[in-house]
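Single-structure report; data block below.
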Amino acid sequence: MTAARTWLLDPAPASRMQARCGRWFRAWLGFRRNKLAMTGLGIVLLLVLMAVFAPLIADRQATTLQDLGNRLQPVSWQHLFGTDELGRDIFARVVFGSRITLTIVAMVALIVVPVGLAIGLPAGYFGGIVDKVLMRLTDIFLAFPRLVLALAFAAALGPGIENAVIAIALTAWPPYARLARAETMTRRRAEFIQAAELQGASALRIIATQIVPLCLSSVIIRLTLDMAGIILTAAGLGFLGLGAQPPAPEWGAMVSSGRQVLLDQWWVATIPGLAIFIVSLGFNLLGDGLRDAGDSRS
């Protein structure tokens, strides 16, 4: 272990791989010293583990099994989080709802990052009319509040998880395009870019092999910080009936179904609301920690 640490922290690396591994290891050491960031990482890992091992943690049938004789039961050993208005176990629904939340987050991330890079990188590299057209398109989407625009797209596309993902992705890509453009413009006149151009490399090759790797760290940090907003937007769509449809255990829809009995049976809406809050907080803390660890000035 000591030899590996010495190899990673060597001030004069002998290879590119050693230099890259050492840079990541130093970033991890800085990240590990941030207790709030480690708390956020723990929350996110707990969400992932809960989603992966949901069948081992709770009974899937309890998420849809209606038992009106047990409706609105308080917290007990039999029902750890109580039951809802249809007698369904809230603990099981929260556990399996983590799968829906994680699926939405992953699918949105897989869409917004490529779209943002595909628009921001050419705008920053070519400049001129290409930059003006692509950035004005980005400004049009940025002119509308994200939640309002997502509601408009979701209402036009119809309810459902797939349509909710598309609606959120259509409103979430502009910041990544702006970030990619800014990162590209700061490196557009770098010596290694000019060397690649002199060697006859095409613009597409330069963007894909030279600029994209330099942008990924900033994009990943921004994506982590945006996860909380994505989760809240998805929960808002579910709350309004435009996300996952019953009987799917989506957290926003669970909050919506419990708002009618909030004063008397508080746990029906409060428990999924706390799940949304904790997961959003975890992603925010994780994103802040990644941003601090990736800051070259620190």
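The values are calculated or read from the model by the stated rules, or taken from the named source; none is laboratory data. The structure displayed is predicted, hence computed values, not measured ones. When we count neighbours, we look across all protein chains shown, and the Cβ atoms used for this are built from the backbone with ideal geometry, even at glycine.
For the residues Arg20, Arg26, the requirement of being surrounded by fewer than 13 Cβ atoms within 10 Å (Cβ to Cβ) and not in a loop (DSSP other than H, G, I, E, B) singles out Arg20.
Residue-wise test of (1) part of a loop (DSSP other than H, G, I, E, B); (2) under 19 Å from the mean Cα position of the chain (by Cα); (3) of a type in the set (Asp, Glu).
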{"site": "Gly236", "(1), (2), (3)": "no, yes, no"}
{"site": "Pro247", "(1), (2), (3)": "yes, no, no"}
{"site": "Met254", "(1), (2), (3)": "no, no, no"}
{"site": "Leu263", "(1), (2), (3)": "yes, no, no"}
{"site": "Phe283", "(1), (2), (3)": "no, yes, no"}
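Only one entry in Leu214, Leu242, Leu204 is in contact with a helix residue (DSSP H, G or I) (Cβ under 8 Å, 6 or more places away or on another chain) and modelled with pLDDT of 85 or more, namely Leu242. Scanning the stretch 1-17 for residues that are surrounded by 11 or more Cβ atoms within 10 Å (Cβ to Cβ), part of a helix (DSSP H, G or I) and within 32 Å of the chain's Cα centre (by Cα) returns Arg5, Leu8.
Every residue, every condition in (1) among the basic types (Lys, Arg); (2) modelled with pLDDT of 90 or more; (3) within 21 Å of Gly252 (Cβ to Cβ), yes or no:
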{"position": "Ala51", "(1), (2), (3)": "no, yes, yes"}
{"position": "Arg60", "(1), (2), (3)": "yes, no, yes"}
{"position": "Thr63", "(1), (2), (3)": "no, no, yes"}
{"position": "Gln66", "(1), (2), (3)": "no, no, yes"}
{"position": "Ser76", "(1), (2), (3)": "no, no, no"}
{"position": "Arg99", "(1), (2), (3)": "yes, yes, yes"}
{"position": "Met107", "(1), (2), (3)": "no, yes, yes"}
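Mind telling me which of the residues Ala228, Ala253, Ala235 ends up being under 20 Å from Gln73 (Cα atoms) and either crowded, with 17+ Cβ neighbours inside 10 Å or not hydrophobic (A, V, I, L, M, F, W, C) (or both)?
Residue meeting the stated conditions: Ala253.
What's the total number of residues in the stretch 123-159 that are part of a helix (DSSP H, G or I) and surrounded by fewer than 15 Cβ atoms within 10 Å (Cβ to Cβ)?
Counting residues in the stretch 123-159 that are part of a helix (DSSP H, G or I) and surrounded by fewer than 15 Cβ atoms within 10 Å (Cβ to Cβ) gives 13.
In the set Leu121, Leu137, which member is at pLDDT 90 or above and under 17 Å from Ala169 (Cα atoms)?
Leu137 is the lone residue from the list that is at pLDDT 90 or above and under 17 Å from Ala169 (Cα atoms).
Of all the numbered requirements in (1) surrounded by fewer than 14 Cβ atoms within 10 Å (Cβ to Cβ); (2) touching a residue at least 12 places away in the same chain (Cβ under 8 Å); (3) under 28 Å from Gly287 (Cα atoms), Glu162 misses one, and that requirement is (2). Among residues of the stretch 190-216 that are of a type in the set (Lys, Arg), those with a Cβ under 8 angstrom from a residue that is part of a helix (DSSP H, G or I), sequence gap 6+ or separate chain, pair up as Arg205/Ala196.
In the stretch 18-62, the residue that is nearest to the chain's Cα centre (by Cα) out of those that are polar (S, T, N, Q) and under 27 Å from Ser218 (Cβ atoms) is Thr39. Scanning the stretch 7-38 for residues that are farther than 26 Å from Gly287 by Cβ and of a type in the set (D, E, K, R) gives Asp10, Arg16. Against the list (1) under 28 Å from Ala27 (Cβ atoms); (2) hydroxyl-bearing (Ser, Thr, Tyr); (3) touching a residue at least 40 places away in the same chain (Cβ under 8 Å), the condition Thr233 fails is (1). For the stretch 163-186, a tally of residues being more than 19 Å from Leu232 (Cα to Cα) and hydrophobic (A, V, I, L, M, F, W, C) returns 5.
Quick check on this structure: which one of Leu102, Leu72, Leu47, Leu68 is of a type in the set (A, V, I, L, M, F, W, C) and surrounded by fewer than 13 Cβ atoms within 10 Å (Cβ to Cβ)?
Leu68
Out of Leu72, Leu86, Leu80, Leu65, one residue alone is in contact (Cβ under 8 Å) with a residue 60 or more places away in the chain and either within 24 Å of Ser256 (Cβ to Cβ) or not in a loop (DSSP other than H, G, I, E, B) (or both). It is Leu72. Taken together, the criteria exclude Ser256 from residues that are among the small types (Gly, Ala, Ser), over 24 Å from Thr64 (Cα atoms) and free of Cβ contacts under 8 Å to residues at least 60 places away in the same chain.
From the set of residues in the stretch 179-196 that are part of a helix (DSSP H, G or I) and of a type in the set (D, E, K, R), which is modelled with the highest pLDDT? Here the answer is Arg181.
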